[in-house]
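Okay, so here's the structure we're looking at.
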Amino acid sequence: MCARKRNTIDINSLVRRNVLAMKPYSSARDEFHGEAEVFLDANENPYPSPFNRYPDPLQWKVKEKLAAIKGVDPKQIFLGNGSDEPIDLIIRAFCEPNQDSVMITEPTYGMYKVAADVNAVNVQPVLLTPDFDLDLDAIPNTFDATTKVIFLCSPNNPTGNLLTRTKILEVVKRFYGLVVIDEAYIDFSKSKSFIPEMKKYPNLVVLQTFSKAWGLAGLRLGMCFASEEIINILNKIKYPYNVNIKTQELAIDALDNVYRKDIWVDEILKERKALESELEKLPLVEKVFPSDANFLLVRVKDAQSTYQYLMNNRIIVRDRSRVNLCYNCLRITVGTPEENKRLIEALKQL
Ligand SMILES: *Cc1c(COP(=O)(O)O)cnc(C)c1O
């Protein structure tokens, strides 16, 4: 493990040299700031349609509203085409292909490895403990000087549990590189976000998304929170207009109406509890794992046949039985009361 000797981290020393040296693309909208009435700078079609103008490349209106809700500065936010964009950009900015590595814990969200593979960046997997928590004995044995980024997902997908907070902080403190905490499911959790910890730990990056609690998976909008220094690097290499006008408008609307998200979350948490207790009554269910997310990982007697049976009944769950530590496990998203009832009724007939 590339252990931390000093308390400060020189972020620029972690960035790929070509990224550090390059000049970013400068769009018309980057170069002009201020009030104007006649825009002849971007070769747009002048005739009004809702979308004849390019969007704000840095989405300041969205970020100002989001910053107020999350308690950060707008400059500490990067917005992308889903969380997938910041995941990819972090790897591209910080990991030299065919040389550097990222560490992931298994089982976890698949995109970290896919993004690393696409970029020819080595992946160092470390198994979680049998109760799906960080293994602080194994982790230091896996790192080396090539490890630039660690991805931790909490609450974790597909297991649904939180990683222990003190263990995460232990990794953040000891590692000289970026620690990315993916909080896609944080709104469903009783635990607090790691965003406030960014003040203390300059190597901390937090990912959240509009795809789950906010109910906007179809929009594709992911959030990345980090120091201004890290955000500037991601902005430097992103596509100039990576978030379209419609998405920015609908995000602002969602942020102006946080209560809608809160109502959904309350409803889903109630349903999660009910679904958990219904599942536990079924003889085919061996274990329902504790969840801080909007899904349940469920160990059944025979995952593949149960999956097939549900599919024949036009109910789709996720078969995770071939994933590390998840033998005979299905991942079941919490649906509406009617949908959950249909699932339970179908399983009772099996
Ligand atoms: C669903 C999910 C996301 C969201 O990805 P988007 O690209 O923002 O839709 C991110 N991380 C994890 C762990 C997820 O399960």
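The values are calculated or read from the model by the stated rules, or taken from the named source; none is laboratory data. On a predicted model such as this, the values are computed, not experimentally measured, just so you know. Because the Cβ atoms are built from the backbone with ideal geometry, glycine has one as well, and the counts that use them run over all protein chains shown. All accessible areas refer to the heavy atoms of the entire protein, side chains included, with ligands and DNA or RNA removed. Shrake-Rupley method; radii C 1.70, N 1.55, O 1.52, S 1.80 Å.
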* Computed over the Cα atoms of the stretch 216-259, what is the convex hull's projected area averaged over all directions, in nm²? -> 3.9
* Two-decimal Rg/Rh across the stretch 166-232, once Rg and the Kirkwood Rh are taken from alpha-carbon atoms -> 1.00
* What is the dipole size for the stretch 201-283, taken about its Cα centre, with +1 at each Lys and Arg Cβ and -1 at each Asp and Glu Cβ, in debye to the nearest 20? -> 280
* Structure fact -> With the 8 Å Cα cutoff and a minimum separation of six or more residues, the stretch 152-259 has a relative contact order in percent of 19
* **the chain: antiparallel DSSP beta bridges as a percent of all, rounded to 5** => 50
* **Nearby lysines by direct alpha-carbon distance to Lys200 (threshold 19 angstrom, same-chain neighbours under 8 apart not counted)** => Lys5, Lys70, Lys75, Lys167, Lys173, Lys192
* Over all alpha-carbon pairs of the stretch 92-181, lay out the pair-distance distribution in 10 Å bins, whole %, shortest bin first. => 17, 54, 27, 2
* Normalised by the number of residues in the stretch 56-167, what is the relative contact order in percent for Cα pairs under 8 Å and 6+ residues apart? -> 24
* To do: Could you order Trp264, Trp214 so the one with the most accessible surface comes first? Probe is 1.4 Å.
  => Trp264, Trp214
* Structure fact -> For the stretch 54-206, the convex hull over Cα atoms projects on average to an area in nm² of 9.5
* Compare Val205, Val118, Val265 in a GNM of the chain, Cα atoms joined below 10 Å, and give the one with the largest fluctuation. => Val118
* **Lys pairs, the stretch 209-321 - Cα-Cα below 25 angstrom, 8 or more residues apart or on other chains** => 18
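What does the helix-only formula give at 222 nm for the chain: each DSSP H stretch with n ≥ 4 adding -39500 (n - 2.57), the total divided by the residues, and the result rounded to the nearest 500 deg cm²/dmol?
Values: 13 runs with 127 residues, N = 350.
Only helices count here, giving -10500 deg cm²/dmol.
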* To do: Once you have the Kirkwood Rh of the stretch 26-111 from its Cα pairs, apply Stokes-Einstein at 25 °C and 0.890 mPa s and quote D in µm²/s.
  => 147
* Structure fact -> Rounded to whole Å², per residue accessible area for the chain with a 1.4 Å probe reads 49
* Asked: Radius of gyration and Dmax for the chain's Cα atoms, expressed in Å?
  -> 21.8, 70
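For the chain, what does the relative contact order come out to in percent, with C-alpha contacts under 8 Å and a separation of six or more?
Numbers: 603 pairs, mean separation 63.5, N = 350.
Result for the chain is 18 percent.
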* In whole Å, largest first, what are the principal axis extents of the Cα atoms in the stretch 232-312? => 53, 30, 27
